[in-house]
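Structure first, then comments.
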Amino acid sequence: MGFNQRILHVFKRNKSFTYAELDPSHVSSDNEYQDEDRLLNRLSVGDDSFEHAEKGETNCCHRHHSFVRCLGWLNGLFFCLSLYLFTAAMLNWKQVPGGRERNWALKQVSEKSPLLDAIEIPLSTWRLNGTFLEREDESIYRKPPSPEVDAAWARIETQNPIPLSRQDLVNQGKDPDMYAKFPESFGFGPDAFIGRIDVFHQIHCLNRLRMHLYWNVAYYYPDEQMGKYHQLHASHCVYALLQNLMCQGNVDTYGHYWVDMQENAVPDFNINHKCRDFEAILEYHDEIAVPLEKFGALRRPLNEPVRHMSHEAKEIFRWFDNHEDDGQDGMEIL
């Protein structure tokens, strides 16, 4: 078999070999491959040294590719882990006090309120003044009726309304189409509803109970008969405050101490409470509220939906003093 035929024979066998093995410049110094027949013989028959070298190169290549693949998997794994930790950290940071979400802690124990997004309401520890006897520097809210006392109560029981959005009413589970709006002339836009903040209603109720105390009645209602309206107003306020106290469920605790004037232990009501910043709420309210006089001048527009009140409600609110009984009574009782 000639040289060219042998070369063709090697390629037809499809056996692994390196071109360097056929290059005369790579022949060793002992002239191992100088004989043409011996060289072709080894190519055609196969030589362990060739196979071992080729296997070594193949194994080295496989190890290299395996290492690259492994490194790629590790990089992907570390990337996923880093992404997970970053996302978890951001979510955790958002949900802790001091994170980006305003009033996060209050939102966990409150219904949705526009105030919780509009202003920061800090939490702070207050020492409750629960003393039984009055002091010389006693709070003005414990003092007997006077113009100064009334002014102090009026400041914190403000009844000035504020604008609410349609979504604010939806968040309360209400149908906005059944609720009254401010006119656009008030500057709140075409879809601003008349609203109030509940804490001021609670303080209003407490103040009304104070005014209805029998030793205060002569001062506040000197010429009025304490009829059905006053009785219902007081009972409404008592029950409203009771529900709010039960809803809040204050679980702060207080201790007792011994005194020389009785055998039983006496409670210590001067304890710490975690409190919302009431002044922050009041300040924001005063910035956006409509004066009560301006609100009081509003009249129901034509074609607006109304709720029909019961006959008893109309009697108590003295509707029939200025209106005839047309028999169109409803079931609403306020």
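The values are calculated or read from the model by the stated rules, or taken from the named source; none is laboratory data. Since the model is a prediction, treat every value here as computed from it, not as a measurement. Because the Cβ atoms are built from the backbone with ideal geometry, glycine has one as well, and the counts that use them run over all protein chains shown.
When the residues of region 205-234 are filtered to those that are among the polar types (S, T, N, Q), surrounded by 12 or more Cβ atoms within 10 Å (Cβ to Cβ) and out of contact with any Pro (no Cβ under 6 Å at 6 or more places or on another chain), the one that is farthest from F317 (Cα to Cα) is N207.
Among the residues of region 100-119, just one is of a type in the set (K, R), under 8 Å from the mean Cα position of the chain (by Cα) and in a loop (DSSP other than H, G, I, E, B), namely R102.
Looking at region 265-318, the helices (runs of 4 or more DSSP H) lying wholly inside it that each contain 2 or more residues that are under 23 Å from V109 (Cβ atoms) sit at 278-288. For the subset of region 235-277 comprising residues that are touching a strand residue (DSSP E or B) at 6+ places or on another chain (Cβ under 8 Å) and of a type in the set (G, A, S), which member is surrounded by the most Cβ atoms within 10 Å (Cβ to Cβ)? Selected residue: A265. Would you check if there is a residue in region 322-334 being assigned to a helix (DSSP H, G or I), surrounded by 10 or more Cβ atoms within 10 Å (Cβ to Cβ) and more than 34 Å from the chain's Cα centre (by Cα)? Scanning region 322-334, I find no residue that is assigned to a helix (DSSP H, G or I), surrounded by 10 or more Cβ atoms within 10 Å (Cβ to Cβ) and more than 34 Å from the chain's Cα centre (by Cα), so the answer is no. Any residue in region 181-194 that is at positive phi and surrounded by 11 or more Cβ atoms within 10 Å (Cβ to Cβ) sitting within a Cβ distance under 9 Å of a residue that is in a strand (DSSP E or B) and at pLDDT 95 or above? List the pairs, counting only those 6 or more apart or interchain. Listed pairs, sorted by first residue: G189/P163.
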